[in-house]
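Student: Encoded as structure tokens, here's the structure I'll be asking about.
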Amino acid sequence: MDKLLIHGGRRLNGEVRISGAKNAALPILCASLLVPGTFRIDNVPALQDTDTTLKLLERMGVRSVRESGGVTLDASSVTHLEAAYDLVKTMRASILVLGPLVARFGEARVSLPGGCAIGQRPVDQHIKGLQLLGAEIDIEHGYVVARAKRLRGARIVTDMVTVTGTENLMMAAVLAEGETVIENAAREPEVVDLAQALVALGARIRGAGTDRIVIEGVSALHGGSHRVMSDRIEAGTFLCAVAAAGGELRLTGCQPDTLDATLDKLREAGLRIETGADWVSASMSGRPKAFNLRTAPYPGLATDMQAQLMAVNCVAEGTSVITETIFENRFMHVQEMSRLGADIDAQGNTAVVRGVPALSGAIVMATDLRASAGLVIAGLVAQGDTLVDRIYHLDRGYERMERKLASVGASIERVRTVVES
Ligand code: EPU
């Protein structure tokens with residue numbers, strides 16, 4: 001298992017190019033199942049999760065050709081309408097094939113993902129919505145089995161805001177007969193990006209980016225192309241890194257209009273920020289100032305930024321209160337940050353962080369993707385060496401993070417562990 005060895009205390013200076021967004025690329029790759037032709041997708045990040053999605057699609061019979069940052073998918077001859085447990089258990093986003101499969105082929109068999117490190121994460125809203133669209137759903141041997149002749153448009157009000165739930169139902173509704181309205185829809189930019197990709201393929205969707213999405217079903221989609229949006233969480237992660245470690249970074253290839261909530265918090269911390277159409281520059285001198293935060297659905301502060309922003313607060317001047325409202329168990333990094341000398345008291349969904357002047361390097365264990373990013377940031381400021389173990393979590397969602405950090409002055413290297421057979 002690979003690890004990251006970080007020698008902390010270096011300031012960051014230089015330019016980082018932000019990759020395509022994981023959480024937009026995954027649903028957009030799955031949308032290829034709706035198309036009886038070729039779908040060219042650009043700016044696809046090279047990640048473990050995009051590899052897993054391509055493997056999932058290939059097993060179903062989707063042909064894929066990867067070249068220069070993009071992939072061309074051809075789902076004209078899908079033969080296998082199943083997502084098996086061995087892949088779904090490694091990536092919950094696999095549930096995103098359910099809507100497209102049942103909409104186009106009238107049948108799907110997708111393993112239930114099971115629990116996960118950050119919370120229970122049920123998929124009841126995906127199922128409820130598909131049932132409203134006329135699918136018959138059974139749970140058989142751990143699999144969601146969905147059947148429908150042709151889905152029919154319906155009005156769906158989700159019980160809570162769900163990102164992949166909204167995406168799954170939007171993809172299903174694209175081929176349903178008549179109009180579908182999704183109320184209480186997620187407003188995340190990744191939902192908008194998926195809607196734009198679907199429209200490029202012939203779908204009729206309006207309202208994406210609001211909490212009411214209206215989809216006029218069409219009988220078939222056609223081939224097309226789309227460029228995946230920039231990863232706002234990767235951009236936010238690098239901004240937290242410079243806020244904690246100090247220095248000056250310029251992020252290119254990013255979409256500052258998707259970063260408002262994170263930029264507001266980091267300005268409060270004292271990060272000086274300038275933005276242009278597709279860049280952000282940020283500089284920090286001295287210690288950050290503590291800031292409170294509460295995660296919320298977009299346009300609120302992303303839960304996917306909570307661990308990284310906590311890392312900034314760990315070394316800030318003052319005390320902060322961090323409240324996680326989206327997932328019930330997303331404080332697993334607290335124990336590990338404490339091992340680096342952070343002073344954090346977490347009770348339920350609230351953590352009180354008393355900033356300390358310095359952290360001290362230690363061996364820490366990554367528990368999930370964003371927790372890993374938080375630990376890397378803490379390692380960048382800690383005195384001495386920090387070894388972050390289990391970075392396969394990080395590889396799921398960050399493209400060459402250690403190379404990007406090293407290119408702006410961090411002392412960070414991947415330590416490969418050879419497994420003896
Ligand atoms: N929920 C239900 N029932 C459902 C669906 C969701 O109870 O049917 C609950 C969840 O348990 C959670 C809340 O609703 O408490 C919101 O979950 P949501 O469905 O929005 O999360 P998701 O779609 O599974 C996506 C991202 C996550 C991100 C969340 C929240 C992708 C592939 N994943 O997950 O990203 O944290 O939205 O913004 O888009 C990550 O990238 O590290 C990551 C975990």
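The values are calculated or read from the model by the stated rules, or taken from the named source; none is laboratory data. Note that the coordinates shown come from a computational prediction; the quantities given were computed from them, not determined experimentally. We place every Cβ from the backbone using ideal geometry, glycine too, and count neighbours over all the protein chains shown. Ligands, DNA and RNA are excluded from the accessible area calculation, which covers all protein heavy atoms including side chains. Shrake-Rupley method; radii C 1.70, N 1.55, O 1.52, S 1.80 Å.
Student: When you look at MET229, is it surrounded by fewer than 18 Cβ atoms within 10 Å (Cβ to Cβ), within 16 Å of the ligand (Cβ to nearest atom) and modelled with pLDDT of 95 or more, yes or no? Even if it seems obvious, please write down each step before you answer.
Tutor: Values: surrounded by fewer than 18 Cβ atoms within 10 Å (Cβ to Cβ): no; within 16 Å of the ligand (Cβ to nearest atom): yes; modelled with pLDDT of 95 or more: yes.
No, not satisfied.
Student: For segment 217-243, give me the residue count where each residue is under 22 Å from the mean Cα position of the chain (by Cα) and either among the polar types (S, T, N, Q) or over 15 Å from ALA31 (Cα atoms) (or both). Steps first, please.
Tutor: So in segment 217-243, the residues under 22 Å from the mean Cα position of the chain (by Cα) come out as 225-243.
Narrowing further to those that are either among the polar types (S, T, N, Q) or over 15 Å from ALA31 (Cα atoms) (or both): 225, 229-243.
The total comes to 16.
Student: Of the numbered conditions (1) open to solvent by 30 Å² or more (accessible area, probe 1.4 Å); (2) within 13 Å of the ligand (Cβ to nearest atom); (3) closer than 17 Å to ARG396 by Cβ, LEU96 satisfies every one except a single condition; which is it?
Tutor: With respect to (1) open to solvent by 30 Å² or more (accessible area, probe 1.4 Å); (2) within 13 Å of the ligand (Cβ to nearest atom); (3) closer than 17 Å to ARG396 by Cβ, LEU96 is out only on (1).
Student: Name the one entry in SER219, SER230 that is over 26 Å from SER77 (Cα atoms) and small (Gly, Ala, Ser).
Tutor: Working: SER219 fails: over 26 Å from SER77 (Cα atoms).
Unique residue meeting the criteria: SER230.
Student: Of everything in segment 161-206, what is more than 16 Å from the ligand (Cβ to nearest atom), open to solvent by 20 Å² or more (accessible area, probe 1.4 Å) and touching a helix residue (DSSP H, G or I) at 6+ places or on another chain (Cβ under 8 Å)? Give them in sequence order.
Tutor: Within segment 161-206, just ILE205 meets the criteria.
Student: Name the residue, out of ALA103, ALA46, ALA148, that is within 24 Å of ARG370 (Cα to Cα), touching a residue at least 40 places away in the same chain (Cβ under 8 Å) and open to solvent by 10 Å² or more (accessible area, probe 1.4 Å). Explain how you work it out, then say what you get.
Tutor: Numbers: ALA103 fails: within 24 Å of ARG370 (Cα to Cα); ALA148 fails: within 24 Å of ARG370 (Cα to Cα).
Among ALA103, ALA46, ALA148, only ALA46 is within 24 Å of ARG370 (Cα to Cα), touching a residue at least 40 places away in the same chain (Cβ under 8 Å) and open to solvent by 10 Å² or more (accessible area, probe 1.4 Å).
Student: Please specify each residue of segment 315-361 satisfying the condition of being in contact (Cβ under 8 Å) with a residue 12 or more places away in the chain, of a type in the set (Asp, Glu) and open to solvent by 10 Å² or more (accessible area, probe 1.4 Å). I'd like the intermediate steps shown before the answer.
Tutor: Here is the first cut: in segment 315-361, the residues in contact (Cβ under 8 Å) with a residue 12 or more places away in the chain are 315-334, 336-337, 339-344, 346, 349-361.
Within this subset, residues satisfying the condition of being of a type in the set (Asp, Glu) are 317, 324, 328, 336, 343.
Hits for segment 315-361 are GLU317, GLU328, GLU336, ASP343.
Student: Another question, then. Give the residue that is nearest to the ligand (Cβ to nearest atom), with candidates limited to residues of segment 76-87 that are touching a residue at least 24 places away in the same chain (Cβ under 8 Å) and surrounded by fewer than 24 Cβ atoms within 10 Å (Cβ to Cβ). Steps first, please.
Tutor: Of the residues in segment 76-87, the ones touching a residue at least 24 places away in the same chain (Cβ under 8 Å) are 76, 78, 81-85, 87.
From what is left, the residues that are surrounded by fewer than 24 Cβ atoms within 10 Å (Cβ to Cβ) are 76, 78, 81-82, 84-85, 87.
Working: SER76: 26, VAL78: 22, LEU81: 21, GLU82: 20, ALA84: 19, TYR85: 17, LEU87: 14 Å.
Per the criteria, the residue is LEU87.
Student: If you scan segment 17-57, which residues turn out to be more than 11 Å from the ligand (Cβ to nearest atom) and among the small types (Gly, Ala, Ser)?
Tutor: If the condition is that a residue be more than 11 Å from the ligand (Cβ to nearest atom) and among the small types (Gly, Ala, Ser), then SER19, GLY20, ALA31, SER32, GLY37, ALA46 are the ones that fit.
Student: Residues that are open to solvent by 10 Å² or more (accessible area, probe 1.4 Å) and modelled with pLDDT of 95 or more: does segment 24-33 have at least one? Even if it seems obvious, please write down each step before you answer.
Tutor: Of the residues in segment 24-33, the ones open to solvent by 10 Å² or more (accessible area, probe 1.4 Å) are none.
There is no residue in segment 24-33 that is open to solvent by 10 Å² or more (accessible area, probe 1.4 Å) and modelled with pLDDT of 95 or more.
Student: Looking at (1) of a type outside the set (Val, Ile, Thr); (2) open to solvent by less than 10 Å² (accessible area, probe 1.4 Å); (3) more than 23 Å from PRO297 (Cβ to Cβ), can you tell me which one ASP138 breaks?
Tutor: Every listed condition holds for ASP138 apart from (2).
Student: Please specify each residue of segment 63-122 satisfying the condition of being in a loop (DSSP other than H, G, I, E, B), over 22 Å from LYS149 (Cβ atoms) and not hydrophobic (A, V, I, L, M, F, W, C). Please lay out each step first, then the result.
Tutor: Going residue by residue through segment 63-122, those that are in a loop (DSSP other than H, G, I, E, B) are 68-69, 75-81, 84, 89-91, 106, 112-115, 117-118, 120-122.
Applying the additional criterion that residues be over 22 Å from LYS149 (Cβ atoms) yields 68-69, 84, 89-91, 112-115, 117-118, 120-122.
Correct list: SER68, GLY69, LYS89, THR90, PRO113, GLY114, GLY115, GLN120, ARG121, PRO122.
This table checks each residue for (1) of a type outside the set (Val, Ile, Thr); (2) farther than 18 Å from PRO100 by Cα.
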{"site": "GLY217", "(1), (2)": "yes, no"}
{"site": "LEU239", "(1), (2)": "yes, yes"}
{"site": "LYS265", "(1), (2)": "yes, yes"}
{"site": "ILE273", "(1), (2)": "no, yes"}
{"site": "ALA277", "(1), (2)": "yes, yes"}
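Student: A further question on this structure: Answer with yes or no whether ARG17 is in contact with a helix residue (DSSP H, G or I) (Cβ under 7 Å, 6 or more places away or on another chain), of a type outside the set (S, T, N, Q), closer than 22 Å to LEU405 by Cβ and open to solvent by 40 Å² or more (accessible area, probe 1.4 Å).
Tutor: Working: in contact with a helix residue (DSSP H, G or I) (Cβ under 7 Å, 6 or more places away or on another chain): no; of a type outside the set (S, T, N, Q): yes; closer than 22 Å to LEU405 by Cβ: yes; open to solvent by 40 Å² or more (accessible area, probe 1.4 Å): yes.
Here the answer is no, as ARG17 does not meet what is asked.
Student: For segment 52-75, which residues satisfy the criterion of being within 20 Å of ASP231 (Cα to Cα) and open to solvent by less than 60 Å² (accessible area, probe 1.4 Å)?
Tutor: Within segment 52-75, THR52, THR53, LEU54, GLY69, GLY70, VAL71 meet the criteria.
Student: Moving on. Does segment 273-292 include one or more residues that are surrounded by fewer than 23 Cβ atoms within 10 Å (Cβ to Cβ) and within 15 Å of the ligand (Cβ to nearest atom)?
Tutor: no
Student: Which condition does TYR298 not pass, out of (1) part of a loop (DSSP other than H, G, I, E, B); (2) farther than 28 Å from GLY209 by Cβ; (3) at pLDDT 95 or above, if it passes all the others?
Tutor: (2)
Every residue, every condition in (1) within 27 Å of the chain's Cα centre (by Cα); (2) modelled with pLDDT under 95; (3) away from the ligand (no atom under 16 Å from the Cβ), yes or no:
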| position | (1), (2), (3) |
| --- | --- |
| GLY129 | yes, no, no |
| ASP138 | no, no, yes |
| VAL145 | yes, no, yes |
| LYS149 | no, yes, yes |
| GLY153 | no, no, yes |
| ASP159 | yes, no, no |
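Student: Which condition number in (1) surrounded by 15 or more Cβ atoms within 10 Å (Cβ to Cβ); (2) within 15 Å of the ligand (Cβ to nearest atom) is the one that GLN120 fails?
Tutor: Exception for GLN120: condition (1).
Student: Any idea which residue in segment 380-421 is most open to solvent (accessible area, probe 1.4 Å), counting only those that are within 16 Å of the ligand (Cβ to nearest atom) and of a type in the set (Lys, Arg)?
Tutor: Only one residue fits best here, namely ARG390.
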